[in-house]
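**Student:** Just passing along the structure, written as structure tokens.
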Amino acid sequence: MPSNKSVSDAPVVQFTNCRILKNHKLQREDLWVREGKILNPEKLFFDEKIPADLQLNCKGSIIAPGFIDVQINGGFGVDFSLATDDVRPGISLVSQKILSHGVTSFCPTLVTSPPSVYHKVLPQISVRNGGFHGAGILGVHLEGPFISKEKKGAHPEQCLRTFEEGAFQDLLATYGCLDCVRIVTLAPEMKRSSEVIQELTSRGICVSLGHSVANLSQAEEAVQHGATFITHLFNAMLPFHHRDPGIVGLLTSDQIPICQQVFYGMISDGIHTNPAALRIAHRAHPKGLVLVTDAIAGMGLAPGKHTLGQQVVEMDGLNSYIAGTKTLSGSVATMDTCVRHFLEATDCTVETALEAASLHPAQLLGIEHQKGTLDYDTDADFLLLDDRLHIQATYIAGDQVWRRNTFTL
Ligand SMILES: [Zn+2]
């Protein structure tokens, strides 16, 4: 029954003069927020009969869901794969700094490391909400060590492992603790991978295929056992071949179970993937594209030498290589740069570029009812952007946690 009594005494904030990304379109609509959630204004008008406590004029900005980075190895001098006694200050620093790049939640990523590193680092990381302290942590992404020697990329060969002896038990012994793990990247051609994929999936952990020489049927089998993601498509896998397109073939495979969708990560930094390849992937399977930074410690720093787990990396501009080689080793691009590059390289719509960094990673992790959209009752994690997709301000749970110096509301 309608009532004029407020269901909550918390203040209602109305963001006006904006275009909000909703139902895959930018719409001229206000955004209403209360108690950290996006509010349905109709309920407010008709049921509660109360106006907003505060109106903020967004001066024509775009409002989009906060970005979600599911593959980030560190940044600003911090390398998540370095086993220090206390990894929390480093994680906090990165969580804080990525707010200015529009990232409101992320999956700290560890590259292939010795078991001692996992045993030391993993118990120190926990899932936590974002806020003034920084972006939220959705869980860890473990990339390796169960990957292919031939496609190891920047991962140290001496640390690679298999699970042919004890399957899932081998994986458990290596990682030690899976409590905070959200994604595991593995090579599906490894013996007993089906068992491992099933076990991880049943625990709600997303399995991603990467650093692999799998052919298409091995990749399809992995998807049929529960894998839903491809780690940095095109990089560290067999190149597309028309008679066996390998993992890349999953984008147009007809062997994907009906209730399942395959997502794929793209490092859209202008270096890891040629724009034409980015366009091929996007046109073949637009709804699966997830922008990731794959950023390393050098992101946000001047050129020079940095680490990536056990390896030393040389960074020069947007290029970063394992020292003394031409092996690419993660990127130093920020998420907002990747979104803008993707928009430009594919000539897609602004909505499409924004959703590749918000809705799609949320769907991949199965959290689209909380994050990655501006639907009613979801978390009020959002960004104010100008028309060229430069971030003006970042909000988490309705609080402004970062804003550009020159931008005021
Ligand atoms: Zn990788």
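**Student:** Out of Val94, Val87, which single residue is assigned by TED's automatic domain parsing to the domain that holds Tyr175, under 25 Å from His211 (Cβ atoms), surrounded by 24 or more Cβ atoms within 10 Å (Cβ to Cβ) and without any contact (Cβ under 8 Å) to a residue 60 or more places away in the chain?
**Tutor:** Val94
**Student:** State which residue pairs qualify: first residue loosely packed, with under 15 Cβ neighbours inside 10 Å and inside segment 237-253, second residue among the hydroxyl-bearing types (Ser, Thr, Tyr) in any location, beta carbons under 8 Å apart, and separation of 6 or more residues or different chains.
**Tutor:** Every condition considered, no pair remains.
**Student:** Please determine, by comparing only the residues of segment 207-231 that are within 16 Å of the ligand (Cβ to nearest atom) and surrounded by fewer than 24 Cβ atoms within 10 Å (Cβ to Cβ), which one is nearest to Asp294 (Cα to Cα).
**Tutor:** Taking the candidates together, the pick is Val207.
**Student:** Kindly check whether there is at least one residue in segment 106-125 that is within 18 Å of Asp179 (Cβ to Cβ), within 16 Å of the ligand (Cβ to nearest atom), part of a loop (DSSP other than H, G, I, E, B) and touching a residue at least 24 places away in the same chain (Cβ under 8 Å).
**Tutor:** Within segment 106-125, one or more residues are within 18 Å of Asp179 (Cβ to Cβ), within 16 Å of the ligand (Cβ to nearest atom), part of a loop (DSSP other than H, G, I, E, B) and touching a residue at least 24 places away in the same chain (Cβ under 8 Å).
**Student:** Continuing with the same structure: Given (1) farther than 22 Å from Leu216 by Cα; (2) within 14 Å of the ligand (Cβ to nearest atom); (3) at pLDDT below 95, identify the lone condition not met by Gly153.
**Tutor:** Unmet for Gly153, out of (1) farther than 22 Å from Leu216 by Cα; (2) within 14 Å of the ligand (Cβ to nearest atom); (3) at pLDDT below 95: (1).
**Student:** While we're on this one: Answer yes or no: is there a residue in segment 193-201 that is of a type outside the set (Val, Ile, Thr) and either under 18 Å from the mean Cα position of the chain (by Cα) or within 16 Å of the ligand (Cβ to nearest atom) (or both).
**Tutor:** no
**Student:** Working carefully through the options Thr293, Thr334, find the one that is crowded, with 20+ Cβ neighbours inside 10 Å and more than 16 Å from the ligand (Cβ to nearest atom).
**Tutor:** Thr334
**Student:** Is it fair to say Glu164 is more than 13 Å from the ligand (Cβ to nearest atom), under 26 Å from Phe240 (Cβ atoms) and either among the polar types (S, T, N, Q) or assigned to a loop (DSSP other than H, G, I, E, B) (or both)?
**Tutor:** In short, no.
**Student:** In addition: Take His133 and decide whether it is buried (at least 24 other Cβ atoms within 10 Å of the Cβ) and either within 16 Å of the ligand (Cβ to nearest atom) or in the same structural domain as Gly210 (by TED's automatic domain parsing) (or both).
**Tutor:** No: the conditions fail for His133.
The values are calculated or read from the model by the stated rules, or taken from the named source; none is laboratory data. Quick caveat: nothing in here was measured; it's all calculated off a predicted structure. Positions of Cβ are backbone-derived with ideal geometry, glycine not excepted, and every protein chain shown enters the neighbour counts.
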